[in-house]
Amino acid sequence: MRAEKLPNSLITAHEIYYETSGRELFSGLNATVRSGELVEVYGPNGSGKTTLLRILAGLHRPDSGQVIRHANSTGFLSHRVGLARLLTVRENIRWSIALSRAHFAEARVLSVLKQFELTSCAQSLVRDLSAGQVKRSALAALVLSDHQLWLLDEPSGSLDAEGEELLCQTVSSHCQAGGAAIVATHTSIALTANRRIDLGST
Amino acid sequence: MKVFLATLRRDLLVAIRTGSETLNPLVFLVLVGVIFALVLGNDHAARELTGIPVVWTTALFANMLALEGLFRREQDEGTLATILVANESALPATVAKLIAHWLLTGLPISVLAPLIGLGFGLSFETLGILSGTLLIGTPILTLVGAIGAALVVGLGRGGVLLTLLVLPLFVPVLLLGIGTCQQFQFNAEYIPPLLGLLAILSGAITAIPISIAPILRFSQDQ
């Protein structure tokens, strides 16, 4: 049976089954994420959060079931943050914007850099930044890329308390503006999710 | 076009900042070429006979040295996943990566190789056709090699596997390249092997760029 498109849905996962090394990670997993929704994927290490996000991103194929992405564009932030270490923060952001075919507006870039406290290191190579600054840079690139759907894998990793708060605000603003986010986490962060997929109990 | 140009610019910038890693294949080409020319000494006939095969074979291996890095850095940094998730941008971005790779390896190899050929006492006309065949052959090596590099990128360090995968596919290009130059050198009919080389190039340009993103997506699944 094919998954049907529901109104405003940005992504639909239908009867996802996936096993690795003979261990079943998910079975019969169904989820639809609509515009404006924030869904938290929660579970301990090894429960399959990253795998689920990669399946939703189209980077892994499930053993059975299907994923249909209706979103105009999808941004994926994983453990590997997707920034070139030998480029500056600005150069990385410029490339991310071009890749997502978003509009490059200098004033907006400066504003987001300021919001993420990256103004002083905008011209620094990513390899010279701290882990927290790298994560902030990746989030800034994601915000400026104007993706409709965000898939975030442990986005709070390496962030301090202030950065974590900024992350929560950014994700909430994105969803309020009509986007959607699926956030995988193993710790409790102050996200006000509409729904939670608990992989620890599957 | 925006995605293509941005990715091309990005890859060239990264290559410039990588420095020695980018220059390694060219240093290899020069070193091996010079060593061969020195070993053959004053034996003019032997140098003239072996010059073209040595330069072409060295150019092929120099190209292979750079192949594993074609997608490796992007895989490690996570930018490859970013490219693949951005569905519509995956094709122009991968095409830009292939062109950047050729500009950084194939083109300088094609320019440097005739200089090495000088050490083998090759005539200027022969050096010209050597450079020409390399300008046709090195894009094929990049395109065919990209298939192998895309297949092994999900396997961690896949250098040996990559060599085993692509080397047999490089052999026809090597034979046609050397054949064209030698036929020309010895005043024989050199057009048929040259046409063979051009036919492979047009086939590779038509079929390979569109298949790289799906292969990369497949290798992410491993």
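The values are calculated or read from the model by the stated rules, or taken from the named source; none is laboratory data. Quick caveat: nothing in here was measured; it's all calculated off a predicted structure. Cβ sites come from the backbone with ideal geometry, for glycine too, and all protein chains shown count toward neighbours.
Which condition number does B:T133 fail, the rest of (1) within 14 Å of chain A (Cβ to nearest Cβ); (2) more than 27 Å from A:R54 (Cβ to Cβ); (3) hydroxyl-bearing (S, T, Y) being met? Among (1) within 14 Å of chain A (Cβ to nearest Cβ); (2) more than 27 Å from A:R54 (Cβ to Cβ); (3) hydroxyl-bearing (S, T, Y), the lone unmet condition for B:T133 is (1). Taken together, the residues in the range A:15-50 that are out of contact with any Gly (no Cβ under 8 Å at 6 or more places or on another chain) and part of a loop (DSSP other than H, G, I, E, B) amount to 6. Taken across the range A:13-21, residues that are within 13 Å of another protein chain (Cβ to nearest Cβ) and either more than 16 Å from the chain's Cα centre (by Cα) or not acidic (D, E) (or both) do occur, with at least one present. Each residue in the range A:53-68 was checked for being more than 12 Å from the chain's Cα centre (by Cα), buried (at least 18 other Cβ atoms within 10 Å of the Cβ), more than 8 Å from chain B (Cβ to nearest Cβ) and not β-branched (V, I, T), and 2 pass. The set of residues in the range B:86-112 being at pLDDT below 90 and part of a helix (DSSP H, G or I) consists of B:N87, B:E88, B:S89, B:A90. Would you say A:V81 is of a type in the set (V, I, T) and not in a helix (DSSP H, G or I)? So A:V81 passes the test. Being free of Cβ contacts under 8 Å to residues at least 12 places away in the same chain and in contact with a helix residue (DSSP H, G or I) (Cβ under 7 Å, 6 or more places away or on another chain) holds for only one residue in A:A98, A:A84, and it is A:A98.
In this structure, is B:Q220 within 14 Å of chain A (Cβ to nearest Cβ) and either touching a residue at least 40 places away in the same chain (Cβ under 8 Å) or loosely packed, with under 13 Cβ neighbours inside 10 Å (or both)? Spelling it out, B:Q220 is indeed within 14 Å of chain A (Cβ to nearest Cβ) and either touching a residue at least 40 places away in the same chain (Cβ under 8 Å) or loosely packed, with under 13 Cβ neighbours inside 10 Å (or both). Residue count for the range A:150-202, restricted to those that are surrounded by fewer than 13 Cβ atoms within 10 Å (Cβ to Cβ) and under 17 Å from A:H79 (Cβ atoms): 1. Any idea which residue in the range B:11-26 is surrounded by the most Cβ atoms within 10 Å (Cβ to Cβ), counting only those that are at the interface with chain A (Cβ under 7 Å from one of its Cβ atoms) and without any contact (Cβ under 8 Å) to a residue 24 or more places away in the chain? If we take residues in the range B:11-26 being at the interface with chain A (Cβ under 7 Å from one of its Cβ atoms) and without any contact (Cβ under 8 Å) to a residue 24 or more places away in the chain, then B:L13 is surrounded by the most Cβ atoms within 10 Å (Cβ to Cβ). Out of everything in the range B:73-83 that is in a helix (DSSP H, G or I) and in contact with a strand residue (DSSP E or B) (Cβ under 9 Å, 6 or more places away or on another chain), what residue ends up being surrounded by the most Cβ atoms within 10 Å (Cβ to Cβ)? Residue satisfying both the conditions and the ranking: B:T82.
Among the numbered criteria (1) within 13 Å of the chain's Cα centre (by Cα); (2) within 10 Å of another protein chain (Cβ to nearest Cβ), which single criterion is violated by A:V41? The one condition A:V41 does not meet is (2). Selection of the range A:75-104 for residues being at the interface with chain B (Cβ under 7 Å from one of its Cβ atoms), within 17 Å of A:Q148 (Cβ to Cβ) and touching a strand residue (DSSP E or B) at 6+ places or on another chain (Cβ under 6 Å) yields only A:F76. For the range A:125-156, taking the residues that are among the small types (G, A, S) and more than 13 Å from chain B (Cβ to nearest Cβ), the one that is nearest to A:V33 (Cα to Cα) is identified as A:S156.
Residues checked against (1) among the polar types (S, T, N, Q); (2) more than 27 Å from B:A96 (Cβ to Cβ); (3) out of contact with any helix residue (DSSP H, G or I) (no Cβ under 9 Å at 6 or more places or on another chain); (4) not in a helix (DSSP H, G or I):
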{"residue": "B:V32", "(1), (2), (3), (4)": "no, yes, no, no"}
{"residue": "B:L38", "(1), (2), (3), (4)": "no, yes, yes, no"}
{"residue": "B:I52", "(1), (2), (3), (4)": "no, yes, no, no"}
{"residue": "B:F61", "(1), (2), (3), (4)": "no, no, no, no"}
{"residue": "B:L65", "(1), (2), (3), (4)": "no, no, no, no"}
{"residue": "B:F71", "(1), (2), (3), (4)": "no, no, no, no"}
